[in-house]
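Written below as structure tokens is the structure these notes are about.
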Amino acid sequence: MISLQDIERIFPVGDEEVHALRAINMTITAGEYIAIMGPSGSGKSTLLNILGLLDQPNQGTYLLDQEKVSELDEDQQAEVRRHKIGFVFQFFHLVPRLTAAENIELPMTLAGIDSAERKERVAVALADFSLTNRGGHRADQLSGGQRQRVAIARAIIMEPKMILADEPTGNLDRAAGYEVIEILETLNSNGMTVIMVTHDPELGLRARRCIQMVDGRIIP
Amino acid sequence: MQSQDIFRFSGKAIISYRFRTVLMLIAMAIGVASVVLLISLGESARRYITNQFSSLGTNLIIVLPGRSETVGGPPPLLGATPRDLTLDDAMALQRLAGVACVSPIVVGSAPVSRKQLEREVLVVGATADLATMRKLEVSQGSFLPRTDPSRGSAVCVLGSKLKVELFGNNNPLGQRVRIGDRRFRVIGVLSPMGVSLGDDIDETVTIPVASAQALFNTASLFRILVEATGSEAIAKAKENIRTTISQRHEGEDDITVITQDAILATFDRIFRALTLAVGGIAAISLVVAGIMIMNVMLVAVSNRRTEVGLLKALGAPRSQIMRIFLTESALLSVTGALLGLLVAILGLQLLSFLLPNFPIQPVPWAALLAFTVALATGLLFGVLPARTAARLAAAEALARR
Ligand SMILES: Nc1ncnc2c1ncn2[C@@H]1O[C@H](COP(=O)(O)OP(=O)(O)OP(=O)(O)O)[C@@H](O)[C@H]1O
Ligand SMILES: [Mg+2]
């Protein structure tokens, strides 16, 4: 499903250059459950951003479903993100003035889906994530675990093929973190590709495939 | 994204940033209110002046002795004073094509007395036609009789205030008053008119023109009022008047002919220009409001970087993010404009309450103009912040570093 070939990502910082990714080659097949691990600054988030088309590589090719998505223009990439990729962030990134239901609804609202269908799908998602009686609460009135569940519901509401999670448990206590991982694993067992950055070796070991990064490289 | 969803999304953002919103609404409201108020005041003043002139009578032509316009050519010979206008000149005009009626006017000041009451008043010598030309109405009796203008008679018509001063509530008709050293019989009282172009008609006394000439011991006229048969006849009548008088004055073009519509047009132009100038100055405050919108929206965009990054991650293309932020600034400016219109209407109502004699009217086109300008400002100054938002790099916007 995914193939990265000779990906390089270089950030100019002042007069210097930071080589965040060097010669990344990897393939990912549909339905995989991958943990990306490595020390701070090793390029995990940068890799995930490139996989999610939130950032462009300086060099190399990114094939997603046999399409050279690294060569698409911005709006075409947005279209790919909308339909194929769901994001879960460490800091949830819910829109604070919207309710839980409205946050879950947001991707469909942006996509121009009719209100009736949106409401229906949101109701199902709220039930699936045991959030039914929290739907009307604003994001800042929810606990961390609830917020991350809302974020995951939002990430999958457009039924993407893969979910990219950058330290999804980083801001949660053990119990809430464990709950979130279980949700992601359930999604994976239903066929969703899950790629997750984590610092927690225990969580990393649960994944079927673990990618170790050091200094911008994947170590075999 | 469907447009009602954009409005809802932007509306929620506006409501949730209360302080910012109130600030911008105030700025916009002040701008729009001052434009509408000032333009409305200017327009009302213009209409007031125009009405004052039309109350003089329509199609009016005023003939003055002496030439006041400079048309080039050699200066008059030393000591060549312009000839006076006479009653015969006025009667000659009566027969011209395009002239409906003519009223020769003599004006002077004389003591008017009845018993022990005496006042110095403005005495107007005129003919019966003056009443039609200046739209004068009598509340009692009648105006000057239609007789040969060159023959005087000892009758007079009192202005309404003068009547009260001399007679109180008594009936003055048939009573006698003394004007200068002559006695006149009161045959009518004018309806109250108020001040028209500086003359308080209510305080004058009107007598036949020949009597006024005798009273002031003069053969010349103060001016001649001519009414043209219609607005299209004004130009022709004006020319005929010039040639006739110049023939009668041995070829000298020594009069000034003023048409009412020319005066009116001049005042109209001056007031339009003034109104636009004042409105333009007020429009600067709209621009200031626009710059405020730009500033505040720029701050909003940088405060909501992660939100923009999120929208991008969720698949919003640049154009959609632009639209969301533009809608936000447009909503702000339009709401501000509506508030401003409300303030302007209330202000105009307060003013017309305070100044009941000055007819103040809101000007619809000013409201429309201010509204359009407000919307345009909101959109124009919203473009830069919206573009900034649309161009944010998604990965950076979402990162917390
Ligand atoms: N926008 C940027 N500008 C400059 N340098 C950057 C930028 N993004 C990342 N970097 C640099 O690239 C390197 C990799 O960063 P990245 O965020 O991918 O690390 P990470 O593995 O996610 O670390 P962490 O575990 O702390 O999140 C770091 O040295 C970082 O400083
Ligand atoms: Mg990271």
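Read-outs throughout are calculated quantities, based only on the coordinates presented, and are distinct from any laboratory measurement. What you are looking at is a predicted structure, and each value in this text was computed from that prediction instead of being measured. Neighbour counts run over all protein chains shown; Cβ positions are idealised from the backbone, glycine included.
List of remarks:
- Leading residue by the ranking (nearest to ligand 2 (Cβ to nearest atom)) among those in the stretch A:12-34 that are within 14 Å of another protein chain (Cβ to nearest Cβ) and without any contact (Cβ under 8 Å) to a residue 12 or more places away in the chain: A:VAL18
- Pairs, first of a type in the set (Ser, Thr, Tyr) in the stretch A:191-216, second outside any loop (DSSP other than H, G, I, E, B), C-beta under 6 Å, six or more apart: A:THR193/A:MET162; A:THR198/A:ALA35; A:THR198/A:GLY204
- Residues of the stretch B:145-167 classified as crowded, with 22+ Cβ neighbours inside 10 Å and under 20 Å from B:ALA219 (Cβ atoms), total: 1
- Take the conditions (1) within 16 Å of ligand 2 (Cβ to nearest atom); (2) more than 14 Å from every other protein chain (Cβ to nearest Cβ); (3) buried (at least 19 other Cβ atoms within 10 Å of the Cβ); A:MET192 misses just one of them, which is (1).
- When the stretch A:55-78 is limited to residues that are charged (D, E, K, R) and surrounded by 15 or more Cβ atoms within 10 Å (Cβ to Cβ), the one that is farthest from ligand 1 (Cβ to nearest atom) turns out to be A:GLU74.
- The stretch A:1-32 - residue that is of a type in the set (Gly, Ala, Ser) and part of a strand (DSSP E or B) and, of those, nearest to ligand 1 (Cβ to nearest atom): A:ALA20
- For first residues located in the stretch A:88-111 and among the charged types (D, E, K, R), partners that are more than 16 Å from ligand 1 (Cβ to nearest atom) and not in a loop (DSSP other than H, G, I, E, B) and lie 6+ apart or on another chain with Cβ distances below 6 Å form the pairs A:ARG97/B:LYS12; A:ARG97/B:SER16; A:GLU105/A:ARG118; A:GLU105/A:VAL122.
- Criterion violated by B:ALA316 - all others in (1) in a helix (DSSP H, G or I); (2) hydrophobic (A, V, I, L, M, F, W, C); (3) buried (at least 19 other Cβ atoms within 10 Å of the Cβ) satisfied: (1)
- Considering residues of the stretch A:121-162 that are acidic (Asp, Glu) and closer than 19 Å to A:GLY86 by Cβ only, the residue nearest to the other protein chains (Cβ to nearest Cβ): A:GLU159
- Within the stretch B:375-391, the set of residues being more than 11 Å from every other protein chain (Cβ to nearest Cβ) and among the aliphatic types (A, V, I, L, M) comprises B:LEU375, B:ALA376, B:LEU379, B:LEU380, B:VAL383, B:LEU384, B:ALA386, B:ALA389.
To keep it simple, each residue is scored yes or no on (1) more than 9 Å from ligand 1 (Cβ to nearest atom); (2) away from chain B (no Cβ under 13 Å); (3) in a loop (DSSP other than H, G, I, E, B); (4) more than 14 Å from A:ILE2 (Cβ to Cβ).
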{"residue": "A:ILE36", "(1), (2), (3), (4)": "no, yes, no, no"}
{"residue": "A:GLY41", "(1), (2), (3), (4)": "no, no, yes, yes"}
{"residue": "A:LEU47", "(1), (2), (3), (4)": "no, no, no, no"}
{"residue": "A:LEU53", "(1), (2), (3), (4)": "yes, no, yes, no"}
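- Residue that is nearest to A:GLN148 (Cα to Cα), among those in the stretch A:68-100 that are within 16 Å of ligand 2 (Cβ to nearest atom) and assigned to a loop (DSSP other than H, G, I, E, B): A:PHE92
- In the stretch B:1-13, the residues that are more than 7 Å from every other protein chain (Cβ to nearest Cβ) reach residues that are basic (Lys, Arg) and outside any loop (DSSP other than H, G, I, E, B) with C-beta atoms within less than 7 angstrom, at least six apart or across chains, in these pairs: B:ILE6/B:ARG323.
- Pair list, Cβ under 6 Å, 6 or more apart: the stretch B:286-311 residue touching a residue at least 12 places away in the same chain (Cβ under 8 Å) and more than 14 Å from chain A (Cβ to nearest Cβ), other residue among the basic types (Lys, Arg) and surrounded by fewer than 22 Cβ atoms within 10 Å (Cβ to Cβ): B:VAL296/B:ARG20
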